[in-house]
Amino acid sequence: MGDHKTLLAVLVALFTVASLYACGGGGGSGGGSAGTATVSAYVTDDLGVYDSVVLTLNSVQLRHPGGRSCEIIRGPLVIDAAELGRDEIVEHVDTTTCEVGPYNRLHVEVDDDVTLRHTINNQPVTDACKFVSYYDDNSARPNRLACTNGVCSLDITGAVNLVAGGHEHVALDADLKQFIVDYSITPCEVTLKVSPLRAEDKLAAGYRLSLSGTVSSLDAAADSFTLTVAGNPYKIQYAGVTDQGGLDTLLGRAATDGLRTTVRCLTINTSTTPPTCTAQTVLTQPLKAIAVKAKGTISALDAGLRTFTLGYGAGTTLPVNFIKAAELGKVEGTLANGAGAEVKLHGFNLDHFLAREVEVK
């Protein structure tokens, strides 16, 4: 191989069913009917050396040799594996109903395109690479990537038993075993092997459960709103978020513009309908409990005041203050009028929305 670099893993590895906040077989919201069980799927990752690792997850299925299968993540789902690790989150991505019974492996399919972004001499470098088979002899071995005709697949061994009426919470972790990039080939090639892990280690290390979706039914007086995640509603209680000034205004804008909002949950109560996520400031956790993303085009850039206007949609504009992002060293790329950018917002002050991260696309 050429220039080898060990990175974070970017594909999922089944570490058995992890009871993140509810036990299988119990009742609660979303339990399956007789002969079926409800499965909620999550993704997470370890922090690695890359700023961004973007891939497209097409399908994740529970399978059994007898022919039983159930798709628990329906793609295409574009994820940034590096961001999951950097933000220390275990993110809910889908919920579905499956036939009860034992399953013994997870089948994962992704596009062979993977985009890697890292920083060299304070400048962003983007590499459009291809996943390639981990092994050369094309033998069918578990936990190794196999690619053909633009699609890569991975069969991960691990037992999952679904009980009638139960609600299982399956966590999928992209933890590194072997991940190598060969830059001597154009396009660059990525190979990896993934092995089973356990989810409890992530939560014990301070990772929080996360939900991402769209905001509706905002009740600022009650510090609550509805977050719709993959078609499923969650009630968010955020009275305990005490370090994000102007949060009500930010959430109102997120609801109006349909901006993707991420909530890190201290707890999730599945006995309520819909389930209730409690977001709360944690002093030992520097990351914010609620974040809103917006993508658009920069205009009216003022490098001195560290402000600009972000334009998107049909003439919609968003005034952004990026002082905090600059203080944290989270301004990636060169800001310029006309450049595309993505911002991660955490509040509002006076007449600007406050950004903790800015990435020039």
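The values are calculated or read from the model by the stated rules, or taken from the named source; none is laboratory data. Since this is a predicted model, take the numbers as computed values, not measurements. Backbone-built Cβ (ideal geometry, glycine too); neighbour counts: all protein chains shown. Heads up: the accessible areas ignore ligands, DNA and RNA and are worked out on the full protein's heavy atoms, side chains in. Shrake-Rupley method; radii C 1.70, N 1.55, O 1.52, S 1.80 Å.
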If R0 = 35 Å, then Val282 and Tyr183, at their Cβ-Cβ distance, give a FRET efficiency to the nearest 0.05 of 0.30
Along segment 351-357, Karplus-curve 3J(HN,Hα) (6.51, -1.76, 1.60; θ = phi - 60°) to the nearest Hz, with x for Gly and Pro, reads 10, 9, 7, 9, 9, 9, 9
Taking protein heavy atoms only, a 1.4 Å probe, and rounding to whole percent, the accessible area of segment 221-326 owed to carbon and sulfur comes out at 53 percent
Net charge (Lys, Arg +1; Asp, Glu -1) of residues whose beta-carbon lies under 15 Å from that of Gly240, Gly240 excluded, is +1
Note to self: C-alpha centroids of segment 242-291 and segment 93-115 sit apart, in Å, by 27 Å
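When Lys and Arg each count +1 and Asp and Glu each count -1, what net charge do the other residues less than 12 Å away from Cys152, Cβ to Cβ, add up to? Show your work: numbers first, answer last.
Working: positive: Lys130, Arg144; negative: Glu109, Asp111, Asp112, Asp113, Asp155, Glu189.
Local charge sum for Cys152: -4.
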Env charge @ Leu162, Cβ radius under 13 Å, K,R +1 / D,E -1, value 0
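Using only the Cα atoms of segment 209-267, build the gyration tensor, take square roots of its eigenvalues as a ≥ b ≥ c, and label the shape rounded, prolate or oblate: rounded if a/c is under 1.5, else prolate if a/b is larger than b/c, else oblate. Write down the numbers at each step before the final one.
Working: a/c = 1.55, a/b = 1.14, b/c = 1.36.
Because a/c hits 1.5 or more and a/b fails to exceed b/c, segment 209-267 counts as oblate.
Given the Cα-Cα distance of Arg260 and His64 and 0.36 nm per residue of separation, how much length would full extension add, in nm? List each step's numbers first, then the result.
Numbers: separation 196, 0.36 × 196 = 70.56 nm, distance 3.53 nm.
Contour length minus the Cα-Cα distance gives 67.0 nm.
Classify segment 225-296: rounded, prolate or oblate, from the alpha-carbon gyration tensor (a ≥ b ≥ c, eigenvalue square roots; a/c under 1.5 rounded; otherwise prolate if a/b is larger than b/c)?
On the way: a/c = 1.84, a/b = 1.06, b/c = 1.74.
The shape class here is oblate.
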